[in-house]
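Heads up, the thing below is written out as structure tokens.
The values are calculated or read from the model by the stated rules, or taken from the named source; none is laboratory data. Owing to the predicted nature of the structure, the values given are computational and were not obtained by experimental measurement. All Cβ positions, glycine included, derive from the backbone under ideal geometry; neighbour counts span all protein chains shown. When the accessible area is computed, the model is the full protein with side chains, heavy atoms only, and any ligands, DNA or RNA have been set aside. Shrake-Rupley method; radii C 1.70, N 1.55, O 1.52, S 1.80 Å.
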Amino acid sequence: MTARRLRASLKGWGGVGAMALALVVTAVFALLLPLSSARGDGSTGTGGQGVGQGIQARADTCTDPQNQSPSPSSDDSGKTITAIKQRGYLSVGVDQNSYRWGYRDPNNTAKSSDLEGFDIDLAHEIAREILGDPNAVRFHAIPTNQRIPAIKSGQVDMVVRTMTITCSRLKDVAFSAPYFLTGQQVLAPKTSDIKGYDKTLAGKRICSAAGSTAYDKLSADKKAGALASSADITTTVPNQLDCLVRLQLGQVDAVVTDGALAASQAAQDPTVELKGKTFTEDYYGVAMKLGGDDLVRRVNQVLVDYRKSGGWQASYTKWLSATLKADSPSATPPTAHYK
């Protein structure tokens, strides 16, 4: 595709066009927020010795994975937290391309180097409670499919990046109690004949992020016959925003991702919309290394305090209320249950 045709394809996409261009800039910022490339074993190939791994919950006996986190604690004397305090900052894996979650606003030249969004607010709050300084945090921009390797390698202390708590992931990482409720949903052009996650996806090209719960759902449903066999789910990308760019360029017909993320993408672009209702119930959690229960418990206490102080609601109102309906189940923090 020539540069002229590419510009023509993107014309009229407003803020999304800017975000698409920002993907190029991402490579520059990645130099400031580095992660080593993945090895064939799925690890990032970086990081030193970490806390010894344990098992938070066995996936084969797991039910209600969002309820498998240990109870909250304000104790800061544990091994993992002590190491973080001695270092002096929290290392957090985040997104920098998810509008209103973790992103760099291309129109905000005054603060062009600052990450902002709902997940970024939460990361600052965790740093404030544990280290006494909301800015004592170093962000590492990581793609969707590198979230778990970044934790297991010790490159980051935690990931705050719209990461769904699942039974299979509990074999690899520990999760906090849930801090957000959402569900998978279909995003497509308003002119599309797609009605939702149903038979209207037959023959359609569907994009999802590699390593995401969206792809897991699509793959499982296609194998089980719950998704039309003619639906093409082969298009996967490192970051879910890349799916929206593929949609813009006409390379796919629909995107499947978390409804909260899809709503933010729709807010950027008046020509796309959410199709149908959410068809799963998903909970976001803060992901951390197995074996570091002291940090997991401390983060759970931060979430308790964040809800009680009104900080969670203030952040939701600032970043997400405009894109989600007033009666959305996401409008209030989910109730926490512990193992």
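Quick notes on this structure:
- Out of Ala110, Ala136, Ala127, Ala150, sole residue that is under 16 Å from the mean Cα position of the chain (by Cα) and either open to solvent by 10 Å² or more (accessible area, probe 1.4 Å) or modelled with pLDDT of 95 or more (or both): Ala150
- Residue satisfying all of: in segment 113-123; farther than 10 Å from Ser315 by Cβ and at pLDDT 90 or above; surrounded by the fewest Cβ atoms within 10 Å (Cβ to Cβ) among these: Glu116
- Segment 224-240 - residue that is outside any loop (DSSP other than H, G, I, E, B) and open to solvent by 10 Å² or more (accessible area, probe 1.4 Å) and, of those, nearest to Thr144 (Cα to Cα): Gln240
- Of all residues in segment 153-166 being out of contact with any Phe, Trp or Tyr (no Cβ under 7 Å at 6 or more places or on another chain) and open to solvent by less than 30 Å² (accessible area, probe 1.4 Å), the one that is farthest from Gln66 (Cα to Cα): Ser153
- When Ser230 is tested against (1) in contact (Cβ under 8 Å) with a residue 40 or more places away in the chain; (2) in contact with a Gly (Cβ under 6 Å, 6 or more places away or on another chain), just one condition goes unmet, and that condition is (1).
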